[in-house]
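Input: a single structure, listed below in structure tokens.
Values quoted throughout were computed directly from the atomic coordinates according to the rules given, and no laboratory measurement underlies them. Note that this is a predicted model, so its numbers are computed, not measured. With ideal geometry, Cβ positions are generated from the backbone for all residues, glycine too; neighbour counts draw on all protein chains shown.
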Amino acid sequence: MTTEQDDTALGRARVTDTPELTAYYEELGALDAGALWTVANDIEPWYPQPRSVPVLWRYAELRPLVHKALGLVRADDAGRRVVMLVNPGRRDVSAAAGLLYTGLQIMGPGEAMTAHRHQAAALRFVHEGTGAWTIVDGQKLKVGPRDFAITPGGTWHEHGNESADAPVIWQDGLDIPLVNALDAGFYEVHPELHQKPGKVVNSSLLTYAAHLLPYGSQKWSRPYSPLLAFPWEPTYEALLGLAKAEEGSPYDGVIAEYTNPLTGGPVMPTMGAHMQLLRPGQATRAHRHTGSVVYTAAKGRGFSVIAGRRFEWTDGDIFCVPSWAWHEHHNPDPSADACLFSFNDFPVMRSLGFHREEAYPDHGGHQPVTA
Ligand code: GTQ
């Protein structure tokens, strides 16, 4: 089923145009109708045909342009001051890959954005700056470099930077293109423009971070994680521990998912996120799966081979793996580990029964590199 087949096969549409048929298609078109066999092979491909292509965005190249936005637009006017990363095959929907959006948001010292909420879910991965905060449904979170935080769909949120001298740059990941593809988008500005945060900062971390389920947590009935922030240090510690205890995945190295502590499942119903560690010198085997992934090099350097192309990455670089593309990750450094943060639409794929995965069959699990 997944091997390449061609559309001359019996059972596939193979009608050649004639003047009579062309006239018939026009008659149908005039009634807002059409003949299935003219599009059947395109709308029912043998296997996924993403319009997204593998792309790598270099942080060193984007960073000066992200900084430039600070002087060009005021936060109040822009709403959010964000440089989007746009896949050349998905410009029409502002997606970085598949139906996932990503962008680099910059906030100057002392800046604060206004509060809003929308159906789209958001997540943040901090690239630089120590002053970032966000208020999610009245709960203030402070986040630093390499921390991960979520703003689930429908929650009020506003962001800012309390540093006196340095900007914050964090990466936003949203399911905006998915929500729009399903015509389910709503957006509201907070009636008072700002929330009144509770007194306790990082309260969800204080509540849930110790692998203990606190009294009262059974009452949580929302479809997302009550734990909203996942700091880097314990995440990295956990991966180092995991690397001692387990071999990990042949395709991803030492990989762990950020989870909802109440369910063990993904943090939000539409997007999941992982942190993975590649041991010194590790080369993973290639595999492919349905679902799109946006990766951020969080530590170290290495390269990934995606659909036969080699993409070199270093700290801060962002790259994407479109659905069903073969991919493998390499950390050629013999003395240092490398970490990749990533987010994905796997929860959607799994809940709809669309999840599929297969291992690369040849060459000892590695793709021939063509570019
Ligand atoms: O922070 O709410 O990059 O609504 C794009 C849309 C960030 C946000 C983005 C958004 C946000």
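Remark: relative contact order (the chain) = 15 percent; criterion is Cα-Cα distance under 8 angstrom and separation of 6 or more residues. One decimal place: the segment Ala30-Leu182 gains 52.1 nm when fully extended, by the rule 0.36 nm per residue minus the C-alpha distance. For the chain, a Gaussian network of Cα nodes joined below 10 Å ranks Ala121, Ala336, Ala149 by mean-square fluctuation, and the top entry is Ala336. Relative to the dominant Cα principal axis of the chain, helix 59-72 is inclined by about 70°. Angle of helix 232-245 to the longest C-alpha principal axis of the chain, folded into 0 to 90 degrees and rounded to 10: 70°. The angle separating the long axis of helix 19-30 from the principal Cα axis of greatest extent in the chain is about 40 degrees. The alpha carbons of the range 113-264 give a radius of gyration and a Dmax of 16.6, 51 Å, in that order. Close amide-amide hydrogen proximity is noted between Val53 and Gly89, each under 5 Å apart and 5 or more residues distant or on a separate chain (H modeled in the peptide plane; Pro and chain starts excluded).
Of Ile150, Ile318, the sequence from fewest to most neighbouring Cβ atoms within 10 angstrom is Ile318, Ile150. In this entry, the chain is assigned a mean projected area of 23.3 nm², taken as a quarter of its C-alpha convex hull surface. With the helix formula -39500 (n - 2.57) applied to DSSP H stretches of n ≥ 4, the chain reaches a computed 222 nm mean residue ellipticity of -5000 deg cm²/dmol. Per residue, the average separation of C-alpha pairs within less than 8 Å and at least 6 apart gives the range 133-232 a relative contact order of 42 percent. Scanning residues 5 or more positions from Ser249 or on other chains, those with amide H under 5 Å from its amide H are Val254, Ile255, with H placed 1.01 Å from N in the peptide plane. Between Arg14 and Leu212, the simple spin-label model (points 7 angstrom out along Cα→Cβ) gives 6.9 nm. Packing here is the average count of other Cβ atoms within 10 Å per residue, and on that basis the peptides 45-51, 216-222, 283-289, highest first, run 283-289, 45-51, 216-222. Here the chain is assigned +1 on the Cβ of each Lys and Arg and -1 on the Cβ of each Asp and Glu. Its dipole about the Cα centre then comes out at about 1080 debye. Spatial offset of the range 186-251 relative to the range 115-154 amounts to 11 Å, using the alpha carbon center of each. Exposure proxy shown here: for Phe186, Phe319, the number of other Cβ atoms within 10 Å sets the order, fewest to most, as Phe186, Phe319. Going 7 Å from the Cα of Glu357 toward and past its Cβ, which residues in the range 275-305 have a backbone nitrogen under 20 Å from where you end up? Within reach of a label on Glu357, which here means backbone N under 20 Å from a point 7 Å along Cα→Cβ, the range 275-305 contributes 275-279, 282-296, 304-305.
Computed from phi, the 3J(HN,Hα) profile of the range 209-226 under the Karplus parametrisation 6.51, -1.76, 1.60 (θ = phi - 60°) reads 7, 10, 6, 10, 8, x, 3, x, 6, 4, 6, 5, 10, 7, x, 9, 5, x Hz, with x in place of Gly and Pro.
Per residue of the range 196-204, what does 6.51 cos²θ - 1.76 cosθ + 1.60 with θ = phi - 60° give for ³J(HN,Hα)? Whole Hz please, x for Gly and Pro, Karplus curve as stated. Here the 3J(HN,Hα) series is 9, x, x, 6, 8, 7, 6, 5, 5 Hz.
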